[in-house]
Amino acid sequence: MAEPLRIAGGQGFYGDATGPLADVLDESPDVVVLEALAELTLAILAKDRARDETLGWTRDLPLYLMALVPAMLERGTTVITNAGGINPVAAANMVVKAAGAMGVTGLRIATVVGDDVRGRPDLLPDEFPSADDLLFANAYLGARPIVEALEANANLVITGRVADAALFLAPLVHHHGWAWDDWERLAAGTVVGHLLECSGQATGGNHAGQWWEVPQPWRFGFPIADVAADGTAVIGKPSAAGGRVDFDTVRQQLLYEVHDPSAYVTPDVVVDMTTVQLEDLGDDRVRVSGATGRPAPAGYKLVAAEGGGYAADLSVAFGWPDAEAKARAAADLARKRIAEAGLELDGWHVELFGVNALHGPAVPPLPDGQPSEVVLRMAWSTTDKDRCGQVARHIIPLGLSGPPPAFTPASRARPRPSQLLRLHTGVVDRRPVDAAVAVSVVQL
């Protein structure tokens with residue numbers, strides 16, 4: 001029976017902090033997983049790839065690898081990441097090129113492809129747009145191709161859209177030799193992955209309880225799990241880091257983004273979380289056991305996006321007296337100016353917010369509950385890019401021809417249109433997708 005595997009969550013989203021990796025590495029993990037993707041992330045990466053075909057991967061990946069490569073080469077730490085986004089081959093090429101420029105040798109890099117089905121219109125659900133209109137279309141793969149990469153002795157695995165928890169399940173299957181129909185073990189490993197996939201959220205981040213009591217929140221320790229062959233795991237964090245691991249922080253992450261706890265559907269297994277047992281061991285450790293599972297679904301989740309028009313926004317701050325009335329009047333005037341200019345909008349959205357951007361502590365409590373300031377944000381969308389950009393031109397003159405504003409950093413305009421994407425989700429038959437999944441390995 002293999003020894004427990006120590007696996008760490010080193011990233012929870014594109015743009016997450018890299019500093020916590022130093023504390024994580026002090027705990028000598030066997031595997032560090034960098035989970036970087038979400039539907040929004042895919043949309044961002046699609047825009048990158050449209051601008052430059054060598055992009056489409058998360059561009060903070062080099063920062064993570066700079067922190068991790070010494071451990072990979074000196075301690076044998078394995079790194080698994082879906083930071084390849086919608087262009088994992090380009091991500092791997094970037095790593096190979098950068099490693100060569102720095103004289104790094106000893107890396108064995110595996111790339112997993114096959115999740116991109118944009119070029120396979122026969123696989124798209126009938127309700128989806130035409131493949132020609134899609135900017136991306138990716139299936140959520142499971143753990144199997146990553147296990148194949150690990151069996152090829154890869155110490156860096158770069159994937160595209162692999163389901164979050166599957167990134168963590170794969171090294172557990174490989175290390176412990178779990179069978180693909182051992183639903184209890186696969187469920188246990190998936191629960192571990194789900195608990196680790198959101199970095200500091202399992203160690204007190206976004207805590208719904210007494211969040212102000214979480215120790216050293218400026219230095220959150222990312223989660224680490226020691227996972228035994230039977231799937232039992234102890235969740236912890238680096239001893240020197242802040243944050244907290246207890247019954248509450250773990251159970252909150254357990255139910256995060258879970259629609260039905262009795263049937264948490266993943267590519268590898270359908271997990272019943274209602275049987276999970278959490279035992280708070282103290283000292284920032286929680287034992288997790290008891291997960292049960294059912295056979296994996298016949299399909300993969302599929303997410304795709306098409307262009308959905310363009311949007312821009314503009315914010316203006318208004319101060320006391322009558323801050324709210326000024327803001328509402330300005331929004332009405334802006335809308336009338338846009339209409340008189342003959343600019344048709346598909347969407348118009350107004351928000352009022354603010355606490356202390358203008359006057360700070362200089363303003364005493366005001367009579368009748370009036371706010372001392374209001375920041376007005378106006379956002380709009382159009383199908384046409386040029387029309388979207390013209391709208392701000394008819395709002396900005398209100399700076400001298402409308403209610404008196406307060407020009408502060410809270411007042412800003414972003415008239416340059418940003419493309420909107422319309423997301424579509426569905427299910428695709430896994431068999432033809434699996435037939436196209438491939439793993440390639442490069443030795444440096």
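(1) in a strand (DSSP E or B); (2) farther than 30 Å from residue 371 by Cα; (3) of a type in the set (A, V, I, L, M): which one isn't true of residue 245, the others all being true?
(1)
Scan region 390-424 for residues that are modelled with pLDDT of 85 or more and out of contact with any Phe, Trp or Tyr (no Cβ under 8 Å at 6 or more places or on another chain) and report the count.
The total comes to 14.
Name the helices (runs of 4 or more DSSP H) wholly within region 19-125 that hold at least 2 residues that are surrounded by fewer than 22 Cβ atoms within 10 Å (Cβ to Cβ), among the β-branched types (Val, Ile, Thr) and assigned by TED's automatic domain parsing to the domain that holds residue 217?
39-51, 88-102
Of the residues in region 369-390, how many are β-branched (Val, Ile, Thr), more than 13 Å from residue 331 (Cβ to Cβ) and buried (at least 20 other Cβ atoms within 10 Å of the Cβ)?
Number of matching residues: 1.
Residues are listed down the side, and each one gets a yes or a no for (1) closer than 16 Å to residue 281 by Cβ; (2) crowded, with 22+ Cβ neighbours inside 10 Å:
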| position | (1), (2) |
| --- | --- |
| 209 | no, no |
| 215 | no, no |
| 224 | yes, yes |
| 238 | no, yes |
| 252 | no, no |
| 258 | no, no |
| 264 | no, yes |
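Filter region 271-310 for residues that are in a strand (DSSP E or B) and without any contact (Cβ under 8 Å) to a residue 40 or more places away in the chain; which is farthest from residue 214 (Cα to Cα)?
277
The values are calculated or read from the model by the stated rules, or taken from the named source; none is laboratory data. Note that the structure is predicted; figures quoted are calculated from it, not measured. Because the Cβ atoms are built from the backbone with ideal geometry, glycine has one as well, and the counts that use them run over all protein chains shown.
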